[in-house]
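Engineer: Please read through the structure below; I'll follow up with questions.
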Amino acid sequence: MGRVGDVTAAESGGSVVRRILLGSQLRRLRETRGITREAAGYSIRASESKISRMELGRVSFKARDIEDLLTLYGVADEGERSALLGLAREANVAGWWHSFGDVLPGWFQTYIGLEGAASLIRIYEVQFVHGLLQTEAYAHAVVTRGQPDAPRGEVDRRVALRLERQKVLVSERAPRFHAILDEAALRRPYGDRSVMQGQLKHLIEISEQPNITLQVMPFSFGGHAGESGAFTMLSFPESDLSDVVFLEQLTSALYLDKSEEVAQYERVMGRLQVDSPGPEESRDVLRELLQVI
């Protein structure tokens with residue numbers, strides 16, 4: 001993957017993961033000492049909500065704040081302090097997507113960072129082809145349909161952002177990507193016939209990549225495990241970072257990481273993988289759709 005502003009997507013995506021890791025360690029240290037968020041906030045001249053955002057990994061870190069919190073939490077060992085301060089520096093690397101801040105909602109920035117840092121991405125999609133698999137023409141049609149009043153320049157920026165995200169699939173540290181697309185997502189037209197044909201051809205081609213597995217859940221199967229709608233599951237190489245389920249909404253998103261909630265989505269994903277035709281049969285489904293669109 002090429003560099004954007006001298007920072008690779010893997011590095012900037014990793015910074016999001018480091019923020020989350022550092023935040024969770026700060027929370028663990030605070031709770032071990034029995035210190036409230038309010039008291040922790042007071043020690044760094046900040047509010048309780050600022051401590052909450054820090055512990056969730058949703059803000060950048062100031063070295064002085066981390067030093068003061070570590071002192072408050074009784075962390076005196078220089079090795080441990082140095083490691084956590086180093087983590088804070090790495091966590092503050094700006095993501096490449098910050099240059100798209102004019103068209104990127106704040107709640108989606110965390111997701112892009114996590115997506116870039118994941119070692120395994122699993123998705124189920126029912127409305128349209130997933131963003132990481134869209135052609136430029138199809139993405140343009142999707143964005144135009146979703147933002148009908150947006151000026152052409154803004155539409156182009158949104159499409160450019162989507163195409164930049166796709167580079168993660170061909171990067172040096174490309175994740176394994178397992179996509180299950182409901183047949184409805186493939187039959188619902190975005191753009192004209194040539195756009196849809198181009199998108200189906202792209203899916204056939206990209207599904208041949210060794211790190212990509214693509215399955216189609218056909219109408220003929222009937223009701224299936226994905227009744228709750230589209231979702232994304234992200235897994236990370238860091239052993240102390242749990243899997244995250246991402247649920248996108250109209251104006252915000254949910255990030256689920258509680259083990260019991262993740263386990264439920266894990267079961268649904270497993271069921272969908274078993275019930276959908278395999279990768280080669282799914283390519284046959286795509287070829288058949290290509291003939292009738």
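Engineer: Would you please report the Å³ per residue occupied by the convex hull of the alpha carbon atoms in segment 184-262? Could you put the intermediate results ahead of the total?
Structural biologist: Working: hull volume 12.1 nm³, N = 79.
Value for segment 184-262: 153 Å³ per residue.
Engineer: What's the whole-number percent of alpha carbon pairs in segment 104-170 lying beyond 16 angstrom?
Structural biologist: Tail of P(r) above 16 Å: 51 percent of Cα pairs.
Engineer: May I pose another question? Within 13 Å, Cβ to Cβ, of Phe128, how many net charges do the neighbouring residues add up to if Lys/Arg are +1 and Asp/Glu are -1? Intermediate values should be presented prior to the final figure.
Structural biologist: On the way: positive: Arg145, Arg162, Arg187, Arg188; negative: Glu125, Asp182, Glu183, Glu248.
Its environment carries a net charge of 0.
Engineer: Okay, next question. How long are the semi-axes of the equivalent ellipsoid of segment 143-293, taking √(5λ) for every eigenvalue λ of the Cα gyration tensor, in whole Å from largest down? Don't skip to the answer; put the middle values down first.
Structural biologist: Numbers: eigenvalues 127, 98, 59 Å².
Taking √(5λ) for each eigenvalue gives 25, 22, 17 Å, largest first.
Engineer: Mind listing which GluC sites (Glu not before Pro) in segment 128-191 are in a DSSP loop and have 12 or fewer other Cβ atoms within 10 Å? Intermediate results must be reported in sequence, preceding the final value.
Structural biologist: Numbers: sites: Glu136, Glu154, Glu164, Glu172, Glu183; in loops: Glu172.
Qualifying residues, ordered by number: Glu172.
Engineer: Now a separate question. D for segment 139-208, whole µm²/s, Stokes-Einstein with Kirkwood Rh over alpha-carbon pairs at 37 °C and 0.692 mPa s: what number?
Structural biologist: Values: Rh = 13.8 Å.
Once the numbers are plugged in, D ends up at 237 µm²/s.
Engineer: Quick one: of the DSSP bridges fully inside segment 118-273, what percent are antiparallel, nearest 5? Don't skip to the answer; put the middle values down first.
Structural biologist: Numbers: 12 of 24 bridges.
Rounded to the nearest five, the antiparallel share is 50 percent.
Engineer: Using the heavy atoms of the protein chains alone and a 1.4 angstrom probe, what is the accessible area of segment 24-132 per residue in square angstrom? Write down the numbers at each step before the final one.
Structural biologist: Values: 5170 Å² over 109 residues.
Counting only protein heavy atoms, the per-residue value for segment 24-132 is 47 Å².
Engineer: Let me know the volume per residue of the alpha-carbon convex hull for the chain, in Å³. It would help to have the intermediate numbers written out before the result.
Structural biologist: Numbers: hull volume 42.1 nm³, N = 293.
Hull volume over Cα atoms, normalised by residue count, gives 144 Å³.
Engineer: Would you mind getting me the FRET efficiency between Leu290 and Phe219? Use the beta-carbon distance for r and R0 = 25 Å, nearest 0.05. Working shown, then result.
Structural biologist: Details: r = 16 Å, r/R0 = 0.66.
Using R0 = 25 Å, I get an efficiency of 0.95.
Engineer: Roughly speaking, what % of Cα-Cα pairs in segment 54-100 are separated by over 12 Å, rounded to a whole number? Before the final figure, lay out the partial values.
Structural biologist: Numbers: 711 of 1081 pairs.
Result for the distance tail: 66 percent.
Engineer: For segment 237-293, what does the equivalent ellipsoid look like in terms of its semi-axes, each the square root of 5 times an eigenvalue of the Cα gyration tensor, given largest first in whole Å? Display every interim value, and only then the final one.
Structural biologist: Details: eigenvalues 192, 55, 23 Å².
They are 31, 17, 11 Å, listed largest first.
Engineer: Among the aspartates and glutamates, which fall within straight-line cross-link reach of Lys62, defined as a Cα-Cα distance under 15 Å, with same-chain neighbours fewer than 8 residues apart omitted?
Structural biologist: Within reach: Glu90.
Engineer: Sort out for me the Cα centre separation of segment 186-258 from segment 137-184, rounded to whole Å.
Structural biologist: Rounded to whole Å, the Cα centres lie 12 Å apart.
Engineer: With all protein chains present, calculate the accessible area of Ile20 using a 1.4 Å probe and round the result to the nearest 10 Å².
Structural biologist: 40 Å²
The values are calculated or read from the model by the stated rules, or taken from the named source; none is laboratory data. Owing to the predicted nature of the structure, the values given are computational and were not obtained by experimental measurement. Every residue, glycine among them, receives a Cβ derived from its backbone with ideal geometry; neighbour counts consider all protein chains shown. We work out accessible area using only protein heavy atoms, side chains counted, and drop any ligands, DNA or RNA first. Shrake-Rupley method; radii C 1.70, N 1.55, O 1.52, S 1.80 Å.
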